[in-house]
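Where a number appears in this text, it was derived from the coordinates with a stated rule and is not lab data. Note that this is a predicted model, so its numbers are computed, not measured. When we count neighbours, we look across all protein chains shown, and the Cβ atoms used for this are built from the backbone with ideal geometry, even at glycine.
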Amino acid sequence: MNPAFKDLGAVVLFVDDLEVARDFYGDVLGLEKKFDDDVSTLYSLRSVAFFVMRVSRGSEQLMGEKTVVPRASGATSLLCAPTDDVDALYQLLVERGVQFISPPITQPWGMRTANFKDPDGHVWEIFQDMG
């Protein structure tokens, strides 16, 4: 059976304050900005288009579907990003003011992980394959 989806092309996170999100993703996390306008910003990730978008624009883009940011209802997803050294990235992000939910821990399935939230409550996991 062929899967209906062969890849993930884009991730769009709805945010309350676009400027705060831009500061967090650009300045704190160090993602490279590829495009921005008054309602969204596109960052460069290897194989996925990663956008932050004003929550009000999200509702418009989704033809009136209600859009919210996760902190209004709790975590709704987990975004996972690989890194070569979880501990080093954890330390760097802590120095930049990122508040982690959990510090680096080696999981029983062989990954070392740490979790944090962005300013809008989107939950991220950085992970390293301990192979």
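Some points to look at:
- Rounded, prolate or oblate (a/c below 1.5 giving rounded, otherwise prolate when a/b exceeds b/c) for the range 1-67 by Cα gyration tensor: oblate
- Among 75-88, 111-124, the order from most to least packed when residues are scored by Cβ within 10 Å on average: 111-124, 75-88
- For the chain, a simple Cβ point-charge model (Lys and Arg +1, Asp and Glu -1, everything else neutral) yields a dipole of about 340 debye relative to the Cα centre.
- Counted over the chain with a bin width of 5 Å, the fraction of Cα pairs per bin, in whole percents, is 2, 10, 17, 21, 20, 15, 8, 5, 1, 0.
- Beta-bridge orientation, the chain: approximately 65 percent antiparallel, per DSSP, counting only bridges with both partners inside.
- Unit charges on C-beta of K, R, D, E only; dipole of the range 3-60, Debye: 360 debye
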